[in-house]
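Okay, so here's the structure we're looking at.
Just so you know, all these numbers are worked out from the coordinates, no wet-lab data involved. Fair warning: this is a prediction, and the values are worked out from it, not measured in the lab. Cβ: placed from backbone, ideal geometry, glycine included. Neighbour counts: every protein chain shown.
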Amino acid sequence: MRLVFLGPPGGGKGTQAEILAEKRQLPAISTGQILREAAQSEILGPVVRRTIDEGNLVPDNLMIRIVEDRLRRPDCRRGFILDGFPRTVAQADELGRLLDRMGLKLDGVILLKVEEEQLVKRLAERRVCSRCGATYHLTSRPPERPGLCDRCGGALKQRDDDREEVVRERFRTYREKTLPLVDYYAARGLLHPIDGDQPIDQVARAIEEALAHLDGPSQAPDGHQGPSPREAAAGQG
C-alpha cells in the first residue's frame, strides 16, 4: 500500500503516519527525516547542507532525487507512507512520474482536516524534549512526570514555532499551498478527508475505515452535503 498524508503543520499527520506504519509494517517517510539523511550522504550532502544553511527550500529537482533514493530501498517494496511530500502540485506531478518509472501508483491520499482554532489550542499545549526530541501534549499525551521526558528525563520545552502568531502564519501558508494539491488528488479519486479534530485513537480508526474502502469509489455520491475537498483542507465545514 502506497499512501500520502496531507494536513496542516501540527495537525497530527506525523503521529498518524507512524501509527499506521507500525500496524501495517510499512516505512513512514517524513520530509525532515530524508533531508537529514541526505545531508549526511557523500553525493547529495554538500548541496543539501548548503541549501538548508542558507535558509532556502530544497529545489524540486533535488527533492525528487532524495525521495526516489528512499523509495527504491528494499523496505519500500511492500509500500510506504509519505508524510510532508509532495507539498505542491509540481511536486505531485514529479512524484507521479517517478512512480510511473518504477511501475507503481499511489493507492490513496489521507487528508487530516483540522480547524485553525483547534490547531492553535493543540500546539499551545505541545511540549518537546530538549534532549531526545520526544513529543508530548499536556492534555492528550502528558508526561508521567510534569516537565520531564519519559524516555530520557530531559526537560520539556515549547517550540518557538508553536506560538500562536507563528501557528496562524503557518496555517495560512498551508492553506495557500495545499488547496491546489487537495484538488489535484481529489480529481484523481485518491483523496480521503479525515476529521483530525478527534482523539488520536479515533482518528486512527477513521483512517483504517477509509483504507478499507480503497478499492471502492473514492468520491462522494451526487448530493453529498459535506465540505468540498478544498473546504476540508482549509479547515472549513
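A few remarks follow.
- Taking 7 Å steps out from each Cα toward its Cβ at E169 and D93 produces label points 3.0 nm apart.
- Calculated from backbone phi, Karplus (6.51, -1.76, 1.60) coupling profile of the range 148-155 in Hz, x at Gly/Pro: 10, 6, 5, 6, 10, x, x, 6
- For K157, the aspartates and glutamates whose Cα comes closer than 16 Å to its Cα, not counting residues fewer than 8 places off in the same chain, are E125, E144.
- Label zone at R101, where the point sits 7 Å out along the Cα-to-Cβ direction: the range 49-81 residues whose backbone N lies under 18 Å: 59-74, 76-77
- Dipole-positive endmost among Q198, Q118, L82 within the chain (Cβ charges, Cα centre): L82
- Among the GluC sites (Glu not before Pro) found in the range 81-153, those both in a DSSP coil and sparsely packed, with 14 or fewer other Cβ atoms within 10 Å of their Cβ, are E144.
- Cα gyration tensor, the range 155-217 - rounded (a/c under 1.5), prolate or oblate: oblate
- Principal axes of the range 24-81: Cα extent on each, largest first, Å: 38, 19, 18
- Estimated translational diffusion coefficient (Stokes-Einstein, Kirkwood radius over Cα pairs, 37 °C, 0.692 mPa s) of the range 60-172: 193 µm² per second.
- Computed extension length for R77-Q118: 11.1 nm, one decimal, from 0.36 nm per residue of separation with the Cα-Cα distance subtracted.
- Calculated log₁₀ intensity ratio I(q)/I(0) where the Debye formula runs over C-alpha points of the chain, q = 0.12 Å⁻¹: -0.73
- Gain in span if fully extended, Q33 to N56, counting 0.36 nm per residue against the direct Cα distance: 6.6 nm
- The H on the amide N of L6, modeled in the peptide plane, is under 5 Å from the matching H of I110, L111, L112, each at least 5 residues off or on a different chain.
- Reachable lysines from K113, criterion Cα separation under 18 angstrom, eight or more residues apart if same chain: K13, K121, K177
- Put a dot 7 Å past the Cα of K177, heading toward its Cβ, do the same for S41, and the two dots end up 2.1 nm apart.
- Among T178, T139, the order by Cβ neighbours within 10 angstrom, fewest to most, reads T139, T178.
- log₁₀ of I(q)/I(0) at q = 0.16 Å⁻¹ - the range 1-111, Debye sum with one point per alpha carbon: -0.73
- Helix-only mean residue ellipticity at 222 nm for the chain, each DSSP H run of n ≥ 4 adding -39500 (n - 2.57), per residue, nearest 500: -14000 deg cm²/dmol
- With the simple model of a label 7 Å out from the Cα in the direction of the Cβ, D161 to T135 spans 1.1 nm.
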